[in-house]
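Working notes, structure below.
The values are calculated or read from the model by the stated rules, or taken from the named source; none is laboratory data. Source: prediction; values computed, not measured. Note: ideal-geometry Cβ built from the backbone for every residue, glycine included; neighbour counts use all protein chains shown.
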Amino acid sequence: MSEALAHANIYTEEDYYNLPENVRAELIDGQIYYMSAPSRIHQEILMFLSKIIANYIDSKKGPCKVYPAPFAVKLFEDDNRTVVEPDISVICDTNKLTDRGCTGAPDWIVEIVSPSNSSHDYVRKLNLYMDAGVREYWIVNPINQSVYVYFLEEDKFKTTAFTLQDKIKVNIYDDLWIDFAELEL
């Protein structure tokens with residue numbers, strides 16, 4: 001993602017869905033934030049994680065679904081001014097799935113940081129995801145070689161920091177570990 005550019009107008013979900021198909025953007029609190037195409041490293045991480053998560057879910061024959069971006073997530077059913085596109089969304093309540101994406105908080109979201117969007121993921125989206133009730137939120141930063149895991153306990157995120165060499169337990173599952181040392185960048 002490149003640096004998001006906010007507009008002064010207040011936009012709605014309808015405006016978001018009427019954007020041209022080739023435009024990547026998110027709508028947060030009525031502001032449209034445009035995103036550029038992700039880097040190769042971003043996509044390597046996205047594919048690495050998506051495959052592991054999907055294979056795990058398939059092996060357990062669980063109800064959860066994994067969706068890589070672009071995938072629209074309307075975090076709050078009654079809010080028509082916020083639609084985000086997390087890099088990876090894991091949704092375990094299939095009643096939240098719609099033809100347009102997901103309505104309601106995913107169980108687990110992963111964002112992969114780009115140099116120009118770090119405050120977007122570390123601040124704006126962190127608070128948004130916590131308020132929405134996302135159970136687990138990972139921020140993967142390939143530049144800093146870090147992974148921040150936020151796990152929702154009651155109404156606050158508990159945070160643990162890791163490196164891209166660590167084997168990390170996924171909190172929403174009993175037996176899923178992701179070994180970032182296997183990621184060959």
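In the range 60-76, is there at least one residue being β-branched (V, I, T) and either touching a Phe, Trp or Tyr at 6+ places or on another chain (Cβ under 6 Å) or modelled with pLDDT under 95 (or both)? Checked against the condition, which is being β-branched (V, I, T) and either touching a Phe, Trp or Tyr at 6+ places or on another chain (Cβ under 6 Å) or modelled with pLDDT under 95 (or both), the range 60-76 yields no hits at all. In the range 32-53, the qualifying residues are those that are under 13 Å from P142 (Cα atoms) and outside any helix (DSSP H, G or I), and the one that is farthest from the chain's Cα centre (by Cα) is S39. In summary, I57 fulfils each of the numbered conditions (1) in contact with a Cys (Cβ under 9 Å, 6 or more places away or on another chain); (2) within 22 Å of A132 (Cα to Cα); (3) aliphatic (A, V, I, L, M); (4) not in a strand (DSSP E or B) with the single exception of condition (2). Residue by residue through the range 27-64, note down the ones that are within 15 Å of W108 (Cα to Cα), buried (at least 18 other Cβ atoms within 10 Å of the Cβ) and either in contact with a Ser or Thr (Cβ under 8 Å, 6 or more places away or on another chain) or not aliphatic (A, V, I, L, M) (or both). S50, Y56, C64 - these are the residues of the range 27-64 that are within 15 Å of W108 (Cα to Cα), buried (at least 18 other Cβ atoms within 10 Å of the Cβ) and either in contact with a Ser or Thr (Cβ under 8 Å, 6 or more places away or on another chain) or not aliphatic (A, V, I, L, M) (or both).
For the range 79-95, filtering for residues that are surrounded by fewer than 19 Cβ atoms within 10 Å (Cβ to Cβ) and touching a Cys at 6+ places or on another chain (Cβ under 6 Å) leaves 1.
Scanning for something of a type in the set (D, E, K, R), at pLDDT below 95 and under 13 Å from the mean Cα position of the chain (by Cα), does the range 103-115 turn up at least one residue?
no
Within the range 115-125, the set of residues being buried (at least 19 other Cβ atoms within 10 Å of the Cβ) and more than 14 Å from S146 (Cβ to Cβ) comprises N117, H120, K125.
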